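In what follows, a structure is listed as structure tokens, so that the remarks can point back to it.
The values are calculated or read from the model by the stated rules, or taken from the named source; none is laboratory data. Note that the coordinates shown come from a computational prediction; the quantities given were computed from them, not determined experimentally. Please note: Cβ atoms are built from the backbone with ideal geometry, for glycine as well, and neighbour counts cover all protein chains shown.
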Amino acid sequence: MSQPPKTQHASIPEPLAHPETRGIELIQATQRHGRARDLFPVWAAPNVSVLNFTVGASLILLGLELWQAFVVIIIGSLPWILTGIVATSGPAAGTSGSVITRAIYGIRGNRVVVAFFGWFISAVFLALNWLASSFMGAELLGQFGFTDPVLAPVLVTIVVAAVTVLVAVFGHGLILRSYPAVASVLLAIFLLVTAFVLPHAQWGYVAPEPLEGAPLWSAMTIGFAILASTPLSYTNSPDLARYLPESTKPSRIIAATALGGALPCIFFTAAGALMATGIDAVAMDLGIESALLALLPAWLGPIFVVGVIINTIALNGMTTYTASMAFQSIGVPIRRIPSAVVVGAIGTALTIYLVMSTSLLDAVNLMLQLLVLISGPTMAVFATDVILRRNRYSGAELFDEDPGSPFWYNGGWHVPGLLAVVLGAASASLFLTNPAWTGPIAAAMGLVDLSVPVSLLVTAGIYIALTRLAAKRRPGVLPAVENAAA
């Protein structure tokens, strides 16, 4: 089948007067609109986040010097390029990423991957970001006399979750039009907070016990894994780009997506590292949210908390929006809006559990590292497939689920994609260093965490080798890959 005809003209964006009813349905050429640069604020708004401060502070707590933390922050932002590469498949196919991956895993295999991996990643990030706003919101309520340590964050979680689901219900049109303003407001608030944080920083900071050798590499690689887990988790980037005209240049999509996510992450994570140099260990033990608010004047604290909540809604609204289409892609007979409500309920339940059982800093570090075992291989295989196929996806063929269809492969399963992800995750687990699990190779190397590069390289290498082998054995089944390999 041929792809939908290209168009050089952008149509009028969908109206905001009613919720977006479209789910994974194919977007025709006449319904496309926008420019690649519109993606920059869409990715910037969710990533002007308090979690950046948290991750930056954790790098110092790992024992790194400032310059070492800055190096890790920059290198840890490079995987945003993969997020941009994957985003280019959205306009090419005209549908969501959870449908495009049928080309990687097969019709039936994709249902398993999306049902397990997609939902897990979405639930984790919903919970982590709601957790941040819950703790910060509880701190603010405490200033007004409401000090219940459990009820306060739970109430904040429920209110923020409800608004988040509302954003997801109105969908793409609301996100595209409101996020530029949201990004501007958040940038102003977080820059103001940074201005009050930096005077407390010790620019000549020296770690109490400077690290050398294996302990230094351990701290740096663990920090890299934590930072890289965020961009690697965004395999949903095609969902935000799919309304763009098919003729949009892929290089511009990659640049707008990668820079929109990376720039705020780099800047505010670095600010978090600087902040940690001016806070003693006792204050950090009370919680990063308390330590941060203690550095701000009384009038700025509430404004910052509002900013954190707005950021949480922006990020989780986007996550809930894309996750709501995952249900449809795996064959569950549910429309996108009810699906968004279900996603929100799952994320809320997980957040409430974390509120009552952990601190923000512990939750972020633990879950982001474990997430690499899933996000690394799934991002690697998606980006590799985009490159192998030269971003040639037929939306019509992706929706053909009958036996014998182009992406039916062997009984609905594409072994190269499935095996690459499983072996990539298994290999990465051997190199992971985490309080919950330390791989045997990582332990033998002095707790050096190479889970991210291993997951990317192993997954991509296996997928390329097996896909080319499959193309040779069954000529015509994978023509795009076969041509790209030639």
Exclusive hit being modelled with pLDDT under 85 and either over 14 Å from the mean Cα position of the chain (by Cα) or part of a loop (DSSP other than H, G, I, E, B) (or both), set PHE327, PHE268: PHE327
Residue in the range 113-135 that is in contact with a Pro (Cβ under 7 Å, 6 or more places away or on another chain) and either in contact (Cβ under 8 Å) with a residue 60 or more places away in the chain or over 30 Å from LEU398 (Cβ atoms) (or both) present: yes
Verdict on ILE303 being in a helix (DSSP H, G or I), modelled with pLDDT of 85 or more and surrounded by fewer than 17 Cβ atoms within 10 Å (Cβ to Cβ): yes
Residue within the range 417-431 that is within 30 Å of GLY213 (Cβ to Cβ), in a loop (DSSP other than H, G, I, E, B) and not hydroxyl-bearing (Ser, Thr, Tyr) present: yes
Among the residues listed as LEU216, LEU227, LEU198, LEU192, the single one being in contact (Cβ under 8 Å) with a residue 60 or more places away in the chain and either buried (at least 20 other Cβ atoms within 10 Å of the Cβ) or within 20 Å of the chain's Cα centre (by Cα) (or both): LEU227
Qualifying residues in the range 17-75 (those that are in a helix (DSSP H, G or I) and free of Cβ contacts under 8 Å to residues at least 40 places away in the same chain) - the one surrounded by the fewest Cβ atoms within 10 Å (Cβ to Cβ): TRP67
Test for ALA162: is it of a type in the set (A, V, I, L, M) and buried (at least 23 other Cβ atoms within 10 Å of the Cβ): no
Checklist (1) in a helix (DSSP H, G or I); (2) modelled with pLDDT under 95 applied to ILE441, failing item: (2)
Residue within the range 80-102 that is surrounded by fewer than 24 Cβ atoms within 10 Å (Cβ to Cβ) and basic (Lys, Arg) present: no
Some residue of the range 142-159 being under 24 Å from THR348 (Cα atoms), within 21 Å of the chain's Cα centre (by Cα) and part of a helix (DSSP H, G or I): yes
